[in-house]
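Everything below concerns the one structure shown next.
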Amino acid sequence: MLTRRHTLLVELTGLFIFAIVMTLLTLSEQVEKIIELPKSIYHMNMLFLSILIEALPFVLIGVLIAGLIQVFVTDEHIRRWIPRNKYLAITMSCVVGACFPACECGIVPIVRRLVGKGVPIYAGIGFLLTGPLINPIVILSTYMAFGNDAKIAAARMILGFVIAMVVAIIISFLFKGNQLKQKFPVPSIKHTGLQEKVKHTFTHAVDEFFDMGKYLIIGAALAAFVQTYISSGDLVSLGGGVASATVVMMALAYILSLCSEADAFIGASFRGLFPDTAILGFLIYGPMIDMKNTFMMLSVFKAKFVTLFVLIVTIIVFLTLMLFQVG
Amino acid sequence: MRIQLQQAFRAVILMTFVVFLVQLHQTGDIIHYINPKYEYLSMIGAWLFLILFFTQIFRIWAITKESVHKQAHACQNNHCHDHDHHHHDHGDGSLTLRKIFSYGVIILPLATGLLFPETTLDASIAEKKGIMLSLGNNGQEGNGGGAKPEGEQIPLEHTEPDPNLLTNTMTMEEYESSMEALRKTKDITMSEELYSVYYQQINQEPEVFVGKKITLQGFVYKEEGFSDNEMVLSRFLITHCIADAGVVGFLSQLDGANELAEDTWVEATGELRLQEYEGKEIPTIHITDWKIIEQPSQPYVYPIQIQYL
């Protein structure tokens, strides 16, 4: 399909682009010496970049898996795999999410593809909620951060699972249709050869990255801003009783936007200040929803859906924790 | 044959991500952003960007009408609505304001990453993060007494220029023998790897260590309400990236501490005592000897994991 001349042209273009980028790099070093800004801006920038550097590999893996789903999984597969029964489908999606080692950034493009392929929205949500919260790395890091105390780790997993189920069931009653922002066209071309399929997987991944990347970046920038300019100490001083402490810790989880695999130590460090119920609020709510994640969801789902979803999760997490107070 | 400028621009962006990440690794500056333990992850990120770049450069040139059509088709299928111009346009006709904004956002981290200098987190961030993280640390009750601390996430200091020399992990035997040594010694040096293993242990059972001599490094941080001779010798503990940094440190007593500016790096020796702070008994250091030092090349500390097997 590609002529030799075309291949050569592509190679030359690649080299040319590499040269442009290296030139930009050299130029930027010159410019860096000229600009001078307040130190807090530089701090914010460091936090902003570190969140991105940490999240990007997961997002890229996520968009690649999304690309694979787009090309290799047909709507028919989905119809066959997902149980007809709503409750069975929700249970299955939560269990699959629990087995699937994902983080909250990587999972959004995957859920988008699945829902686009015909997975019911409530099943997609179940998967979205349990994926980042329940996986081996999170269990292990929680266990260790809380001084080999299995209680918190176990409560995090079990309550998290229950909450995900409840939220997914509520969603199934409230929403019909896939709630995706754009209408997802049914693939009209059949990719034939494997090589073609692989090529399309990567092409889809590129488009997905540019589509979703900007939301991740906005979310990371906001999280960095909050961390640089707003004192979490002020927030913490608001938490008196169990209920208000839980609200405070949930709010903290939302604005800090930590990766679910890295939040255990931070959560543990609040143990001297707050009851375990509030700590669990931090540990369960954070992986389900945070600022970075909300923005990524806005890139996929209708704003009305995202708003209600955030509201439902917030209320359910809070109520569940108040019902099953631990420690 | 015609060139798709937007596709070319996307290729440039992908390549810049590759170069930016690789450069961070080459210069070692990556440790200013993330825990060196996870460097390999960001390297995987760089490889994935490179693969995406190679995919992308094939989309820059459209040779025949058929291929132009095919590409447009694939795009439609993938629903990148911004590519509709492939059907009829020669290039940038439909470069809307919305799209310019989108690309602007994507470029933002690259621009600030390349143009802004790197900094180290300091006392101003510690204030926002909340030093209560460190002072509240001893509140990990339920773990004292006979509890086995083996699996704790324990901060480990990197002052070596090459952090890869340190593995961030410890075997059980190594951990137990170092704890044994810590309990016996009268003269604790919070040096190198053992710095932070010790930190955790001292905060867990401070009464064991009262009266012992301790030597450590840290930056000066002060809280509102501290008296003239109080300060905290602190470090940032990084789990994954600096956004999840927590502050760890010892409350320290030193006559004339008020003359030491925040963020000054100090190496100090003193005696460990217990002191009440906000209703809790916490280990504090009564400094006898100290000097101002340069900021260590690796200012952060990292939790380590004990290998169970």
Of the residues in the range A:70-98 that are within 18 Å of the chain's Cα centre (by Cα) and surrounded by 22 or more Cβ atoms within 10 Å (Cβ to Cβ), the one that is nearest to A:Met212 (Cα to Cα) is A:Gly97
Verdict on B:Gly249 being assigned by TED's automatic domain parsing to the domain that holds B:Glu271, in a strand (DSSP E or B) and in contact (Cβ under 8 Å) with a residue 40 or more places away in the chain
yes
Over the range A:99-117, the set of residues at pLDDT below 85 and not charged (D, E, K, R) is A:Cys99, A:Phe100, A:Pro101, A:Ala102, A:Cys103, A:Cys105, A:Gly106
Restricting attention to the range A:192-218, the residues that are at the interface with another protein chain (Cβ under 10 Å from one of its Cβ atoms) and basic (Lys, Arg) number exactly 2
Query raised in the report: Has the range B:18-30 got any residue that is within 7 Å of another protein chain (Cβ to nearest Cβ) and not in a helix (DSSP H, G or I)?
Result: no
Among A:Thr246, A:Thr277, the single one that is at pLDDT 85 or above, within 26 Å of A:Ile51 (Cα to Cα), in a helix (DSSP H, G or I) and of a type in the set (S, T, N, Q) is A:Thr246
For the range A:230-254, the count of residues that are within 7 Å of chain B (Cβ to nearest Cβ) and not β-branched (Val, Ile, Thr) equals 3
- Any chance the range A:194-206 includes a residue that's among the hydrophobic types (A, V, I, L, M, F, W, C), within 19 Å of the chain's Cα centre (by Cα) and within 30 Å of B:Leu52 (Cα to Cα)? yes
The condition of being within 11 Å of another protein chain (Cβ to nearest Cβ), of a type outside the set (A, V, I, L, M) and surrounded by 24 or more Cβ atoms within 10 Å (Cβ to Cβ) holds, among A:Gly281, A:Gly267, only for A:Gly267
Within the range A:280-309, residues being under 17 Å from A:Phe161 (Cα atoms) and either part of a helix (DSSP H, G or I) or touching a strand residue (DSSP E or B) at 6+ places or on another chain (Cβ under 6 Å) (or both) number 10
Of the residues in the range A:122-139, those that are β-branched (Val, Ile, Thr) and either crowded, with 24+ Cβ neighbours inside 10 Å or at pLDDT 90 or above (or both) come to A:Ile125, A:Thr130, A:Ile134, A:Val138
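Condition check ((1) surrounded by fewer than 21 Cβ atoms within 10 Å (Cβ to Cβ); (2) at pLDDT below 50) across all residues:
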position: B:Met15; (1), (2): no, no
position: B:His32; (1), (2): yes, no
position: B:Pro36; (1), (2): no, no
position: B:Leu48; (1), (2): no, no
position: B:Ile63; (1), (2): yes, no
position: B:Asp82; (1), (2): yes, yes
position: B:Lys99; (1), (2): yes, no
position: B:Gly104; (1), (2): yes, no
Residues in the range B:262-283 that are farther than 19 Å from A:Leu273 by Cβ and part of a strand (DSSP E or B) total 10
Of A:Val310, A:Val306, A:Val300, A:Val317, the only residue that is among the aliphatic types (A, V, I, L, M) and in contact with a Lys or Arg (Cβ under 8 Å, 6 or more places away or on another chain) is A:Val300
Flagged in the range A:261-293 as in contact with a Pro (Cβ under 8 Å, 6 or more places away or on another chain) and more than 20 Å from A:Ala168 (Cα to Cα), in numbering order, are A:Asp263, A:Phe265
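Quick grid of which residues meet (1) crowded, with 24+ Cβ neighbours inside 10 Å; (2) under 23 Å from B:Leu121 (Cα atoms):
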| site | (1), (2) |
| --- | --- |
| B:Glu207 | no, no |
| B:Glu223 | no, yes |
| B:Glu230 | no, yes |
| B:Thr239 | yes, yes |
| B:Ala243 | yes, yes |
Residues of the range A:140-160 being surrounded by fewer than 24 Cβ atoms within 10 Å (Cβ to Cβ) and farther than 24 Å from A:Ala55 by Cα, in sequence order, are A:Gly147, A:Asn148, A:Asp149, A:Ala150, A:Lys151, A:Ala154, A:Ala155, A:Ile158, A:Leu159
Across (1) over 29 Å from A:Ala123 (Cβ atoms); (2) within 23 Å of the chain's Cα centre (by Cα), A:Glu11 clears everything bar (2)
Exception for B:Glu262 within (1) within 28 Å of A:Phe225 (Cα to Cα); (2) free of Cβ contacts under 8 Å to residues at least 12 places away in the same chain; (3) among the acidic types (Asp, Glu) falls at (2)
So is A:Leu68 touching a Gly at 6+ places or on another chain (Cβ under 8 Å) and either within 21 Å of A:Gly97 (Cα to Cα) or facing another protein chain (nearest Cβ under 7 Å) (or both) or not? no
Picked from the range B:270-281 (must be modelled with pLDDT of 80 or more and touching a Gly at 6+ places or on another chain (Cβ under 9 Å)), the residue surrounded by the most Cβ atoms within 10 Å (Cβ to Cβ) is B:Leu272
*Within the range A:165-173, is even one residue within 20 Å of A:Phe301 (Cα to Cα), modelled with pLDDT under 90 and buried (at least 23 other Cβ atoms within 10 Å of the Cβ)?*
no
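The values are calculated or read from the model by the stated rules, or taken from the named source; none is laboratory data. Here the structure is a predicted model, which is why all the values come from computation and not from measurement. Ideal geometry is used to build each Cβ from the backbone, glycine not excepted, and the neighbour counts take in all protein chains shown.
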